[in-house]
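For reference, the structure is listed below as structure tokens.
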Amino acid sequence: MNLTIGYLYGDLMNIYGDTGNIIALQKRAEWRGIEVKLKIKSLKSKIKKGEIDLFFFGGGQDQAQGIVASDLESSGKGKIIKEEVEREVPLLAICGGYQLLGKYYKPAKGPKLPGVGLFPAYTVASDTRMIGNIVVDSQFGNLIGFENHSGKTYLKDGARPLGTVITGFGNNEEDKTEGCIYKNAIGSYMHGSLLPKNPELADWLLKKALEIKYGKEVTLEPLDDPLETQAHITAIQRFL
Ligand code: GLN
């Protein structure tokens, strides 16, 4: 089996260790004998339907977000990503990437940036910097990550959060929701340490990617994970 991971704007949107998520996906696939091709899809790239089996979109500063928001719209890549998510291709988007996949992001300065509209959510810049370690109760068990954002994301009626904040800020520090999940797409404020410290979530994305690509149920071989499990447990104990 093989997989193609699409790193959306990987040259522009990759702060706070976001590339760690790509490495975790690549390694966990390769350790199981699944060949991985990594494609960076940025300003000059095109995305063909069916080309990418798993999308990753990292965080970035407002300036990069402005450039990326207009490219998503003008190049048509936003529309294709949305259509691919509709046919259940998995996606993970963090912070700035998550914000651009909602309805819009209103930065502190300048006009609203249009979003792809894949997540039923919108984001508005605030005066609070929400920074620190975060623990979230989710369908994947407790997730641990690191957040750093001033944008506050609000979910629309009927939107499903990724989880409930146990400690930290999450979407907006007000309603205890963190992230959003739509079909097999996940948006979250948890950065680069997310998949390395939460291998179950990495495996869920890989399993979904293979199932959609090959059109059959896939069972991933278990990996020997004592270090990942210990990192997960220690980090949670430290921050709770
Ligand atoms: N503009 C965003 C915010 O501060 C994105 C930051 C990020 O991706 N870390 O809310």
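Observations
- Global geometry of the range 89-135, whether rounded, prolate or oblate, following the gyration tensor of its Cα atoms and the 1.5 cut on a/c: oblate
- Extension reserve of the Lys39-Asp137 stretch, reckoned as 0.36 nm per residue once the Cα distance is removed: 32.1 nm
- Centre separation in Å (Cα based) which lies between the range 109-125 and the range 60-103: 10
- In the range 1-48, a dipole from Cβ-located charges (positive for Lys and Arg, negative for Asp and Glu) runs towards its positive end, and of Leu38, Met13, Ile23 it is Leu38 whose Cα lies farthest in that direction.
- Three-way shape label, the range 84-219, alpha-carbon gyration tensor, a/c 1.5: oblate
- In the range 65-152, taking the dipole from charged Cβ atoms about the Cα centre, the farthest positive-side position among Ala108, Val124, Ser150 is held by Ala108.
- This model, with +1 at the C-beta of Lys and Arg and -1 at the C-beta of Asp and Glu, gives the chain a dipole about its Cα centre of some 780 debye.
- Gyration tensor (alpha-carbon) shape descriptor, the chain, a/c threshold 1.5: oblate
- Residues of the range 125-147 with amide N under 14 Å of a point placed 7 Å along Cα→Cβ from Glu173: 125-133, 147
- Accessible surface, 1.4 Å probe, highest first, among residues Arg160, Arg238, Arg32: Arg238, Arg160, Arg32
The values are calculated or read from the model by the stated rules, or taken from the named source; none is laboratory data. Given the structure is predicted, the values throughout are model-derived calculations rather than measurements. Don't worry about glycine lacking a Cβ; one is built from the backbone with ideal geometry, like all the others, and counts go over all protein chains shown. Calculation scope for accessible area: heavy atoms of the full protein, side chains included, ligands and nucleic acids excluded. Shrake-Rupley method; radii C 1.70, N 1.55, O 1.52, S 1.80 Å.
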